Amino acid sequence: MKVSVKVPATTANLGPGFDCLGLALPVYNEVTVEETVMPGSGIEINIIDENNMYDVLSIPKDENNIAYKAIELLYNFIGQSVSDIKITIKTNIPVARGLGSSASVIVGGLVAANELLGKPADNAVILSIASEVEGHPDNVTPAIYGGFCISSIEDDGSVSFSKIDWPEEWKLTVIIPDYELDTSISRSVLPESISVKDAAFNVRKCAMLVDAVYKQDSEQLKKCLKDKLHQPYREKLIKGFKELNELLENKEDILGCVISGAGPSILVISKNDGFEKVQNEVKNIFDDFNVECDIRTFDVENQGTIVI
Ligand code: HSE
């Protein structure tokens, strides 16, 4: 027996919501989990890059694979251990680009294995295991539920979350550069502590951002996509980010520009066709840095993970 699931890409942080806010995007990885026919055959992990675009060779195909690690925790949760299992991951989500490719395979592995086992775990358990493996909940929550999610890991490892409707007219453009940035590197440049002044800035912006989404208020959102907790430190790793912010400041129908997750992709939020009007100027910035970019505009993905 085998089960396949489809899991969306995600963009986390949205500026001030570090490790807390995330949005799902309509690009999908497919994860299939099956019991192997031959007992004793152990673990088999296959990774298929459907577009032949990404460096999937470096992804572990043994016990160190994150989908496997997540599945192992699920088995432990029900008092069993994983023996013979085959995991197939078809990747469409760009790898190491800040678009939640790791969250998608963690969630995909968990949801598929849970189905295979007869659904012993509910979504709360899946979310908690996924957050534990990923280290933060901001990608895995929208990967499971779709849409715009606010999430928080509690002291006992459980995750509280809320999903708020994302306005249809707010389009999401991701600028995906041709280079990778490992999340661990992007987290390593963050300081151990920040000033109360900067922390207070982020608390204000993040609270007002959530309220802007709730009220679907574009003018309010524009004032909230600013951050002093991670972006100032990561900016040096992300070519063109500073210049893009300068270009987009005060452009009509552009609501803001933030680092997507840990980068290096950049997320631009615009109203309707706002991004199209500036697309050529945006391309020029990256040309100047000799960075090839794949630029894609999406509506929010609202479905989350589905069994196929
Ligand atoms: N919130 C995380 C970070 C997202 O910014 O490091 C990484 O996927």
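The values are calculated or read from the model by the stated rules, or taken from the named source; none is laboratory data. Note that the structure is a prediction, hence the values are computed from the model and not measured. FYI the Cβ positions are ideal-geometry reconstructions off the backbone, even for glycines, and counts take in every protein chain you see.
Cβ contacts < 8 Å: first residue not assigned by TED's automatic domain parsing to the domain that holds ALA12, restricted to segment 195-211; second residue surrounded by fewer than 17 Cβ atoms within 10 Å (Cβ to Cβ) and outside any helix (DSSP H, G or I), any location; separation 6+ or different chain. Result?
VAL210/ILE164; ASP211/ASP217
Okay, residues lined up against (1) farther than 24 Å from ASP138 by Cα; (2) within 16 Å of the ligand (Cβ to nearest atom); (3) modelled with pLDDT of 90 or more; (4) crowded, with 20+ Cβ neighbours inside 10 Å:
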{"position": "ILE43", "(1), (2), (3), (4)": "yes, no, no, no"}
{"position": "ILE48", "(1), (2), (3), (4)": "yes, no, yes, no"}
{"position": "PRO60", "(1), (2), (3), (4)": "no, no, no, no"}
{"position": "ILE85", "(1), (2), (3), (4)": "yes, no, yes, yes"}
{"position": "LYS90", "(1), (2), (3), (4)": "no, no, yes, no"}
{"position": "VAL107", "(1), (2), (3), (4)": "no, yes, yes, yes"}
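How many of the residues making up segment 148-187 are closer than 26 Å to VAL282 by Cβ and either within 15 Å of the chain's Cα centre (by Cα) or not in a helix (DSSP H, G or I) (or both)?
Of all residues in segment 148-187, those closer than 26 Å to VAL282 by Cβ come to 148, 166-183, 185-186.
Keeping just the survivors that are either within 15 Å of the chain's Cα centre (by Cα) or not in a helix (DSSP H, G or I) (or both) gives 148, 166-183, 186.
Result for segment 148-187: 20.
Residues being of a type outside the set (Val, Ile, Thr), over 18 Å from the mean Cα position of the chain (by Cα) and assigned to a strand (DSSP E or B): count how many of those fall in segment 286-307.
We begin by selecting, within segment 286-307, every residue of a type outside the set (Val, Ile, Thr); these are 286-290, 292-294, 296, 298-299, 301-304.
Right, trim to over 18 Å from the mean Cα position of the chain (by Cα) and you get 286-290, 292-293.
After this cut, where a residue has to be assigned to a strand (DSSP E or B) as well, the list is 293.
Number satisfying all stated conditions: 1.
Before we move on, is LYS239 more than 24 Å from the chain's Cα centre (by Cα) and either in contact (Cβ under 8 Å) with a residue 24 or more places away in the chain or surrounded by fewer than 23 Cβ atoms within 10 Å (Cβ to Cβ) (or both)?
On the way: more than 24 Å from the chain's Cα centre (by Cα): no; either in contact (Cβ under 8 Å) with a residue 24 or more places away in the chain or surrounded by fewer than 23 Cβ atoms within 10 Å (Cβ to Cβ) (or both): yes.
Judged against the criteria, LYS239 is not a match.
Looking for something within 16 Å of the ligand (Cβ to nearest atom), part of a helix (DSSP H, G or I) and surrounded by 14 or more Cβ atoms within 10 Å (Cβ to Cβ) - is there at least one such residue anywhere in segment 254-276?
No: zero hits.
GLN216 versus (1) within 14 Å of ASN13 (Cα to Cα); (2) in contact (Cβ under 8 Å) with a residue 12 or more places away in the chain: which is the lone unmet condition?
(1)
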